[in-house]
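Accompanying notes for the structure given below.
The values are calculated or read from the model by the stated rules, or taken from the named source; none is laboratory data. Note that the structure is predicted; figures quoted are calculated from it, not measured. Quick reminder, even Gly has a Cβ in these numbers, built from the backbone with ideal geometry, and neighbours come from all protein chains shown. Only protein heavy atoms, including side chains, enter the accessible area calculation; ligands, DNA and RNA are left aside. Shrake-Rupley method; radii C 1.70, N 1.55, O 1.52, S 1.80 Å.
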Amino acid sequence: MLTREELTANIEQYCAPEHRGHAYASPLLADDLTGLPPALIMTAAYDVLRGDGDAYAQALAEAGVEAQVTSFGPFRLPDQEAKKLRYAVWFS
């Protein structure tokens, strides 16, 4: 399972601190989501960011954007296999 420390390390690698509050880095922070294309938001049952995925889908729906949330689980992959899967999906 992704720990808070791993999540923090991922955020630090994702973008500089001064950009973390920008909507390009975190779309949930955008003032206006209208006009965006339909979205498929995928989370896992034990995903630490599952609540953020649900909140983003709700914000999109309120802006009139079609959003579908798919949550997988409840299952856990062994930590190393989960990391491989995340990177395989990211780079595919």
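Descriptive notes on the structure:
- Across the stretch 11-21, the number of residues qualifying as open to solvent by 90 Å² or more (accessible area, probe 1.4 Å) and either under 17 Å from Tyr56 (Cβ atoms) or at pLDDT below 85 (or both) comes to 1.
- Residues (in contact (Cβ under 8 Å) with a residue 24 or more places away in the chain and touching a helix residue (DSSP H, G or I) at 6+ places or on another chain (Cβ under 9 Å)) located in the stretch 1-29: Met1, Leu2, Pro27, Leu28
- Test: residue in the stretch 65-74 that is in a loop (DSSP other than H, G, I, E, B), of a type outside the set (Phe, Trp, Tyr) and modelled with pLDDT of 85 or more: yes
- Scanning the stretch 44-54 for residues that are in a loop (DSSP other than H, G, I, E, B) and either open to solvent by 40 Å² or more (accessible area, probe 1.4 Å) or at pLDDT 95 or above (or both) yields Tyr46, Asp47, Val48, Leu49.
- Answer from Ala57, Ala82 - the residue that is of a type outside the set (Lys, Arg), in a helix (DSSP H, G or I), at pLDDT below 90 and surrounded by 13 or more Cβ atoms within 10 Å (Cβ to Cβ): Ala82
- Restricting the stretch 29-43 to residues that are over 13 Å from Ala61 (Cβ atoms) and within 10 Å of the chain's Cα centre (by Cα), the residue that is surrounded by the fewest Cβ atoms within 10 Å (Cβ to Cβ): Met42
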